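In what follows, a structure is listed as structure tokens, so that the remarks can point back to it.
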Amino acid sequence: MGTSVGLLHPGAMGAAVGGLLADRFRVSWVSAGRGPASRRRAEEAGLTEVADLAALARCDVLVSVCPPSAALDVAGSVAATGFAGTYLDANAISPRHAEEIAGILPRATVVDGGIVGPPPRTAGTTRLYLSGPAAAVADLFDGTVLRVVVLDGPVGRASALKLAFASYNKLTYALAAQAHALAERHGVGVELRELAADVLPDTPFGAPGGITSAGRRAWRWEGEMAEIAAACAETGLAPDLVVAAQAVFARWRDHRDDDSVDLAALLRTLAGPPS
Ligand SMILES: NC(=O)c1ccc[n+]([C@@H]2O[C@H](COP(=O)([O-])OP(=O)(O)OC[C@H]3O[C@@H](n4cnc5c(N)ncnc54)[C@H](OP(=O)(O)O)[C@@H]3O)[C@@H](O)[C@H]2O)c1
């Protein structure tokens, strides 16, 4: 019998990753606690629904791709099943939390992962960094569009690389939004957009359309900023810059997964009280 994989959970990224695996393995998921969008994504990705977490934990490999703020709880609920297979945590969490997850699951082989790039649909866009006992999962994605990069070193190293990248990339959206909101408030929004597009065209500042997508995902990025701030503090770096970005993203909390929100609404929300 082939390798069986359980996915926690089929979000935008999780379903795309699960879909790649579903071409080669039986990939299962559980619907308890999940909404209709997760169900739709799971069905489109060809995943098999199982009754409960205990059934999912009979898989050889579990892959956790969930909001960073939920990663420890998800690992804890898996630990309660006595899971003793391979557990890949592929979330944007601090290296210390990655180590904690390995501690929570003493009977499992825990691999640390960090995904960089959009949900993988074509080659060359998305990487999965791995550290720790990576051999347990490294070849699962052979022949798929997801590029696997194995790092030397223990659990925590892949998460550190992911967070370091995100600490630059995601903060650029917070900076751009704050600047455009400031200009709007002072009646020079059009002029700033023209200036930024001319001087810094290939950035969220010069092409602020990307801020709209950031606004919809900010509820999740808020938790990711908390993980980055913790990682900074653990190494003696000042976390203040990241904490400030967390506060910016917190103001967009009410726009969670809202496909209808536009840039103007997001900039207005920034100028209001935190939601
Ligand atoms: N999307 C990207 O472009 C991207 C890029 C790089 C890395 N990642 C990483 O991928 C992970 C997930 O991203 P995503 O895009 O798949 O997120 P997403 O689209 O928001 O989906 C999150 C999934 O987790 C479930 N979920 C929500 N709240 C939960 C909770 N409290 N406990 C357990 N599960 C919960 C959601 O289910 P319901 O909503 O149905 O409840 C959904 O299935 C993150 O760690 C992120 O850093 C994503």
| message | Can you tell me which condition ALA84 does not meet? The list is (1) open to solvent by 50 Å² or more (accessible area, probe 1.4 Å); (2) of a type in the set (Gly, Ala, Ser); (3) touching a residue at least 60 places away in the same chain (Cβ under 8 Å), and all the others hold. | response | (3)
| field | Counted residues, segment 98-109 - those being part of a strand (DSSP E or B) and within 18 Å of the chain's Cα centre (by Cα) | value | 0
| remark: If you go through ARG39, ARG34, the only one that is surrounded by fewer than 16 Cβ atoms within 10 Å (Cβ to Cβ), charged (D, E, K, R) and not assigned by TED's automatic domain parsing to the domain that holds ALA226 is ARG39
| query | Is it the case that PRO106 is open to solvent by less than 20 Å² (accessible area, probe 1.4 Å), of a type outside the set (Ser, Thr, Tyr) and under 29 Å from ALA226 (Cβ atoms)? | reply | no
| note | Note: among VAL17, VAL5, just one is in contact (Cβ under 8 Å) with a residue 24 or more places away in the chain, part of a helix (DSSP H, G or I) and surrounded by 22 or more Cβ atoms within 10 Å (Cβ to Cβ), namely VAL17
| request: For ASP259, state whether it is part of a helix (DSSP H, G or I), open to solvent by 70 Å² or more (accessible area, probe 1.4 Å) and under 20 Å from CYS66 (Cα atoms). | output: no
| Members of segment 165-188 that are free of Cβ contacts under 8 Å to residues at least 24 places away in the same chain and either touching a Pro at 6+ places or on another chain (Cβ under 7 Å) or small (Gly, Ala, Ser) (or both) | ALA183, GLY187
| Out of all the residues in segment 33-71, which are of a type in the set (S, T, N, Q) and either in a helix (DSSP H, G or I) or within 13 Å of the ligand (Cβ to nearest atom) (or both)? | SER38, SER64, SER69
| said: Among the numbered criteria (1) open to solvent by 50 Å² or more (accessible area, probe 1.4 Å); (2) more than 16 Å from the ligand (Cβ to nearest atom), which one does TYR168 miss? | reply: (2)
| Within segment 72-97, how many residues turn out to be assigned to a strand (DSSP E or B) and of a type outside the set (A, V, I, L, M, F, W, C)? | 3
| What's the number of the condition VAL5 fails, among (1) over 22 Å from VAL145 (Cβ atoms); (2) touching a strand residue (DSSP E or B) at 6+ places or on another chain (Cβ under 6 Å); (3) aliphatic (A, V, I, L, M)? | (1)
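Could you please let me know if GLY11 is more than 8 Å from the ligand (Cβ to nearest atom) and either modelled with pLDDT of 95 or more or over 23 Å from VAL116 (Cα atoms) (or both)?
no
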| Condition broken by SER94, with the remaining ones in (1) more than 30 Å from ALA229 (Cα to Cα); (2) open to solvent by less than 30 Å² (accessible area, probe 1.4 Å) satisfied | (1)
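Results for (1) touching a helix residue (DSSP H, G or I) at 6+ places or on another chain (Cβ under 9 Å); (2) among the hydroxyl-bearing types (Ser, Thr, Tyr); (3) modelled with pLDDT under 95, shown as yes or no for each residue.
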| site | (1), (2), (3) |
| --- | --- |
| SER94 | yes, yes, no |
| VAL148 | yes, no, no |
| ARG157 | yes, no, no |
| PHE165 | no, no, no |
| TYR173 | yes, yes, no |
| ALA177 | yes, no, no |
| HIS180 | yes, no, no |
| GLY189 | yes, no, no |
| request: Could you please find all residues in segment 100-125 being farther than 18 Å from VAL137 by Cβ and among the charged types (D, E, K, R)? | output: GLU100, ARG121
| query | Taking segment 186-199 as the search range and keeping residues that are open to solvent by 80 Å² or more (accessible area, probe 1.4 Å) and of a type in the set (A, V, I, L, M), which one is farthest from LEU266 (Cα to Cα)? | reply | VAL199
| query | Can you name every residue in segment 138-155 that is open to solvent by less than 30 Å² (accessible area, probe 1.4 Å) and more than 19 Å from the chain's Cα centre (by Cα)? | reply | ALA138, LEU140
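The values are calculated or read from the model by the stated rules, or taken from the named source; none is laboratory data. Computed from a prediction, not measured in an experiment: that's the story for all the values here. Note: ideal-geometry Cβ built from the backbone for every residue, glycine included; neighbour counts use all protein chains shown. To get the accessible areas, we keep the full protein, side chains included, count just its heavy atoms, and leave off ligands, DNA and RNA. Shrake-Rupley method; radii C 1.70, N 1.55, O 1.52, S 1.80 Å.
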